[in-house]
Protein chains: 2
Amino acid sequence: MESGYVTLEQVAEHAGVSLATASRVINGSTRQVSQRLRDKVTASAQELGYLANASAQTLARNSSSLVGLLVHDISDPYFSSIAAGVTRHTEEQGLVLVLGTTSRSAQTEGRILATLRAHRARAVVLVGSRSTDEESNRRLSEEILMFRRQGGQVACVSQEGLPADTVTPDNHTGAADLARRLIAQGHREFAILAGPTDLQTARERLDGFHSALSGAGLELAHHNVVHGAFTRDGGYESTRRLMAVGTDATCLFAVNDVMATGAMAALRDLGLRVPADLSVAGFDDIPTLRDLTPALTTVRLPLEEMGERAALLALEGEPSDQPRVITVRGEVVERESTAPPTR
Amino acid sequence: MESGYVTLEQVAEHAGVSLATASRVINGSTRQVSQRLRDKVTASAQELGYLANASAQTLARNSSSLVGLLVHDISDPYFSSIAAGVTRHTEEQGLVLVLGTTSRSAQTEGRILATLRAHRARAVVLVGSRSTDEESNRRLSEEILMFRRQGGQVACVSQEGLPADTVTPDNHTGAADLARRLIAQGHREFAILAGPTDLQTARERLDGFHSALSGAGLELAHHNVVHGAFTRDGGYESTRRLMAVGTDATCLFAVNDVMATGAMAALRDLGLRVPADLSVAGFDDIPTLRDLTPALTTVRLPLEEMGERAALLALEGEPSDQPRVITVRGEVVERESTAPPTR
DNA sequence: CTAGGCTAGGAAAGAGTTTTCCCGTGGGCC
DNA sequence: GGCCCACGGGAAAACTCTTTCCTAGCCTAG
């Protein structure tokens, strides 16, 4: 333990057995080893402070205990919630979690996936909404397939349609449920912070909301749908844009909570009160944002659980050809940010 | 590329050169290789889709590109902000970030550090407040030294006193500055949510606050200091306890923002208004929590930058014996959660 | 013209495991 | 008692790189 490393060979020598035997004892191989030698080896390992060299093991086994997790931005509480779920599972399995931050760049994503392949990562969990851009999807699919060909498993959160297992919220139904609740509350005119145009998740939520409106015989005016970044600042800025041209809406639906947060900030800066002047609803029910005032009406998603289940899919599953899809249903939680319209 | 892997040997063979030459070309060795062979090798590598096996490289070089990051809980926005900073640096250096979540368990921490050693991680960044418990500090120091003996570098955030480089906030001064501002605002009676008793950071902030009070000739009543978990729920619960026995304080200082968040929630539940009935101040200025209403008066820490600088320390520094300490000074930001007392 | 020094390239020795293959011993069965 | 099998143990190959050491060839200087 003095300095540097203790190798298995040293353990074997110290125990007076062969390298093979020592190895068999250490990693509890299927092969039988007599109790006597077993004890001697474990004692030696203990005494010398043996710690197996993970690289050598990976090389020999051609499989590591690394699990990748790709998110756009770990400081975004949406991603960090999911990350916590993934972490919980990898931690208790004794796996090593590699965190890759893509900053929404497909190129970075590709680079990280290659790195994970180079490390013979066992699995990777991809979080973040799928783009609707065909080209980038094709490239991502290619990467995923390459990963799988090399024996790795892939699971996605919120990214259906890729050649990998998926756990995804039912965005359409969730948004539609929410819309119906808001209609029941008395709202007739809505504005929507719809996020980026090329994001599958954002689009599904918009569609779901829209279709519930149609079902109730309501129109959604074109000028009441505004697109922008899927972030807090995107929500802020989108709201400013919306209010600059003016709106007749009594309720603002931001397709995710972080945008709703930005929206509420913008409205406050404009001197408007929520929900008195305008109701605001979000989507995700991010734990960290539950303390906003007024408390956000939103669609609850079990984010941490989703991360955990994705990890489970990636790590337990047989590498099947048919991607398994777990759909989780969101539940509308009505809080203080929405109220019957005063107009 | 068909399936499985392409090895360097295959590339060499395809290019009609030796393994050694191929290796030299691939990793741009110091040794000269003629342009002709160089081109042939790169072309072959490209054509075959060669990707170096990271484990083999680690084994051969006895050094990997893994960097560990240890936090208590990644879904806590304090940690995820710092993580974002660390990530930024590792990402642009092409390093691989391993995220370890300790759940505040020294045992888990030890386990993860051992895993990182087994992987020959190049460096590790430890985030989170040092305990004041001597025994666990001794054990952690031992782990760190072992890590360093094996060629790894260690840097800490908010954990001074360990045998490793550190970037730490000046908790004492920050809290004292805050106290003085609050006194200037007219407050004379304070209550403190002091966090866990055994947390160095919490204690320093309490001490700093306390000493500024003393400096102004003010007392801090014993019953106005309440301890509890360093979390949102800890803050909530501590506040309930505080209010249950009653307090004469006009201002409540929670030693970090997440506790302050819980405090504000508790006060709201009790029907008290902030700052009208009671002022509340925090510490950290966590970006995600800036949208709370009322906006929190707090001490701003450049969390992301702190993460980045810790990564820098761990990765640039010479392994020196004398731990380098970077102290960052927090800046008081006065917002809406504090106001002159009405009583 | 030869000795000596460079240089580019290759052979091979590691790096630390796992795992296959082989061997010797001992026990059970006829 | 002999044969076969099972089983515990070891030697060595395999995993894929990096790097050292060596060699052949060429150039230059004496």
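With +1 on each Lys and Arg Cβ and -1 on each Asp and Glu Cβ, how big is the dipole of chain B about its Cα centre, in debye rounded to the nearest 20? Show your work: numbers first, answer last.
Details: 34 positive and 42 negative charges, 121 e Å.
Computed charge dipole of chain B: roughly 580 debye.
In whole Hz, what ³J(HN,Hα) sequence does segment A:85-102 give by Karplus (6.51, -1.76, 1.60; θ = phi - 60°), x for Gly and Pro?
x, 4, 3, 4, 5, 5, 4, 6, 8, x, 8, 9, 8, 9, 9, x, 10, 8
Within the accessible area of the protein assembly as shown, what % is carbon and sulfur when the probe is 1.4 Å and the other protein chains stay in place?
The value for the protein assembly as shown is 48 percent carbon and sulfur by accessible area.
Using only the alpha-carbon atoms, how far is helix B:303-316 inclined from the longest principal axis of chain B? Give it as 0 to 90 degrees, nearest 10.
For B:303-316 against chain B, the angle is about 40 degrees.
For chain B, find the longest principal axis of its Cα atoms and tell me its angle to the long axis of helix B:106-118, 0 to 90°, nearest 10.
For helix B:106-118, the angle is close to 20 degrees.
Considering only the label points, 7 Å along Cα→Cβ from Cα, what distances in nm to one decimal separate A:GLU305 from the same position in each other copy, shortest first?
Its label point is 4.2 nm from the equivalent points in the other copies.
When only alpha-carbon atoms are used, what values of Rg and Dmax, in angstrom, describe the protein assembly as shown?
27.7, 88
For the A and B pair, go ahead and give the buried accessible area with a 1.4 Å probe, both sides summed, in Å² to 100.
4700
What's the average, rounded to a whole number, of partner chain beta-carbon atoms within 10 Å of each residue's beta-carbon in A:72-82?
On the way: counts 0, 3, 14, 16, 4, 7, 0, 3, 11, 3, 2.
Average neighbour count from other chains, rounded to a whole number: 6.
In Å and on Cα atoms, what radius of gyration and Dmax does segment B:191-310 show?
Radius of gyration, then largest Cα-Cα span, for segment B:191-310: 13.9, 43 Å.
Considering only segment B:107-236, what is the antiparallel percent among its DSSP beta bridges, to the nearest 5?
On the way: 1 of 12 bridges.
Around 10 percent antiparallel, to the nearest 5.
For every helix of n ≥ 4 consecutive DSSP H residues, a contribution of -39,500 (n - 2.57) applies; sum these over the protein assembly as shown, divide by its total residues, and give [θ] at 222 nm rounded to the nearest 500 deg cm²/dmol. Let's see the in-between values first.
Numbers: 24 runs with 308 residues, N = 686.
Value at 222 nm, helices only, nearest 500: -14000 deg cm²/dmol.
Tell me, what is the per residue accessible area of segment B:171-301 in Å², probe radius 1.4 Å?
Ligands and nucleic acids excluded, the figure is 35 Å² per residue.
With contacts defined as alpha carbon pairs under 8 Å and 6 or more residues apart, what's the relative contact order of segment A:8-52 in percent? Walk me through the intermediate numbers first.
Values: 39 pairs, mean separation 19.4, N = 45.
Reported relative contact order: 43 percent.
Measuring nothing but label to label, 7 Å from Cα along Cα→Cβ, what are A:GLY49's distances to the other copies in nm, shortest first?
4.4
What relative contact order, as a whole-number percentage, does segment A:92-170 give when Cα pairs under 8 Å and 6 or more residues apart are counted?
Contact order relative to length: 26 percent.
Considering only the label points, 7 Å along Cα→Cβ from Cα, what distances in nm to one decimal separate A:ARG180 from the same position in each other copy, shortest first?
6.1
Per the Kirkwood formula on distinct C-alpha pairs, the Rh of segment A:8-52 is how many angstrom?
9.9
Over all residues in B:108-119, what is the mean tally of Cβ atoms on other chains that come within 10 Å of each residue's Cβ? All intermediate terms of the calculation are to be shown ahead of the outcome.
Numbers: counts 1, 0, 0, 2, 4, 0, 1, 6, 2, 4, 10, 10.
Taking all residues of B:108-119 together, the mean is 3.
Students often check this: by mean Cβ neighbours within 10 Å, which of B:303-313, B:12-22 ranks highest, and how do the rest follow?
B:303-313, B:12-22
How high is the relative contact order of chain A, in percent, with contacts defined as C-alpha pairs under 8 Å that are six or more residues apart?
Value for chain A: 17 percent.
Which log10 I(q)/I(0) values, to two decimals, does chain A give at q = 0.16 Å⁻¹ under the Debye formula with one point per Cα?
Computed log10 I(q)/I(0) values: -1.25.
Summarise the partner chain shielding of B:98-105 as one whole number: the mean count of Cβ atoms from other chains within 10 Å of each residue's Cβ.
Partner-chain Cβ atoms within 10 Å, mean over residues of B:98-105: 4.
When you have a sec, figure out the Kirkwood radius of segment A:105-177 from all distinct Cα pair distances and drop it here in Å to one decimal?
Evaluated on segment A:105-177, it is 12.8 Å.
How about segment B:269-314: which of its residues lose at least 10 Å² of accessible area in the presence of all protein chains relative to their chain isolated, using a 1.4 Å probe?
In segment B:269-314, residues shielded by partner chains: B:THR288, B:LEU289, B:ASP291, B:LEU292, B:THR293.
Listed highest first by mean packing, meaning other Cβ atoms within 10 Å per residue, what order do A:224-237, A:278-291 come in? Show your work: numbers first, answer last.
Numbers: A:224-237: 21.1, A:278-291: 25.2.
Result, highest mean first: A:278-291, A:224-237.
Helix B:257-269 versus the longest principal axis of chain B: what is the Cα-based angle in degrees, 0 to 90, to the nearest 10?
40
The values are calculated or read from the model by the stated rules, or taken from the named source; none is laboratory data. None of the values given here were measured: they were computed from a predicted structure. Cβ sites come from the backbone with ideal geometry, for glycine too, and all protein chains shown count toward neighbours. When the accessible area is computed, the model is the full protein with side chains, heavy atoms only, and any ligands, DNA or RNA have been set aside. Shrake-Rupley method; radii C 1.70, N 1.55, O 1.52, S 1.80 Å.
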